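Peer 1: Below you'll find the structure I mean.
The values are calculated or read from the model by the stated rules, or taken from the named source; none is laboratory data. Being a predicted model, the structure only gives us computed values, none of them experimental. A quick note on method: Cβ atoms are made from the backbone with ideal geometry, for glycine too, and the neighbour counts reach across all protein chains shown. All accessible areas refer to the heavy atoms of the entire protein, side chains included, with ligands and DNA or RNA removed. Shrake-Rupley method; radii C 1.70, N 1.55, O 1.52, S 1.80 Å.
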Amino acid sequence: MASTLLERLRALPAAGPVLTALEGEPRVWVVGGAVRDLLLGGRPSDLDLVVEGDALPVARRAAERVDGEVLV
């Protein structure tokens with residue numbers, strides 16, 4: 001089931017690039033309303049992430065991968 005949810009998330013225009021940027025990052029999870037919406041057959045309007053540990057280095061690496069920037 002988790003892989004199906006992840007595939008559905010990746011298909012969302014805004015979530016796909018975020019998830020791609022986070023590939024290979026350990027201890028990062030999608031949580032909250034997006035998971036609920038997918039389980040109920042809906043389409044999430046936002047993406048909540050939890051990072052175990054220091055999220056700032058993860059955000060910086062992800063931003064680099066998509067040529068973005070991190071605002072702290």
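Peer 1: Within segment 14-43, which residues are surrounded by fewer than 14 Cβ atoms within 10 Å (Cβ to Cβ), among the small types (Gly, Ala, Ser) and at negative phi?
Peer 2: The answer is Ala14, Gly16, Gly33, Gly42.
Peer 1: Oh, and also: Find all pairs meeting these conditions: Cβ atoms under 8 angstrom apart; at least six residues apart or on different chains; first residue within segment 2-18 and farther than 19 Å from Glu69 by Cα; second residue open to solvent by 70 Å² or more (accessible area, probe 1.4 Å) and outside any helix (DSSP H, G or I).
Peer 2: Filtered contacts from segment 2-18: Leu12/Arg43.
Peer 1: Something else about it: Report, ordered by the first and then the second residue, all pairs with beta carbons closer than 7 Å, sequence separation of six or more or different chains, a first member in segment 53-70 that is in contact (Cβ under 8 Å) with a residue 40 or more places away in the chain, and a second member that is small (Gly, Ala, Ser).
Peer 2: Ala62/Ala21; Arg65/Ala21; Val66/Ala21
Peer 1: Taking the residues in segment 27-43 that are part of a loop (DSSP other than H, G, I, E, B) and under 12 Å from the mean Cα position of the chain (by Cα) as candidates, determine which candidate is nearest to Glu64 (Cα to Cα).
Peer 2: Result: Arg27.
Peer 1: Out of everything in segment 44-54 that is of a type outside the set (D, E, K, R) and under 13 Å from the mean Cα position of the chain (by Cα), what residue ends up being least open to solvent (accessible area, probe 1.4 Å)?
Peer 2: Let us first name the residues in segment 44-54 that are of a type outside the set (D, E, K, R), namely 44-45, 47, 49-51, 53.
Keeping just the survivors that are under 13 Å from the mean Cα position of the chain (by Cα) gives 44-45, 47, 49-51.
Numbers: Pro44: 18, Ser45: 114, Leu47: 49, Leu49: 71, Val50: 66, Val51: 38 Å².
Ranking the qualifying residues of segment 44-54, first place goes to Pro44.
Peer 1: Can you pull out every residue in segment 50-69 that is aliphatic (A, V, I, L, M) and at pLDDT 95 or above?
Peer 2: Hits for segment 50-69 are Val50, Val51, Ala55, Leu56, Val58, Ala59, Ala62, Ala63.
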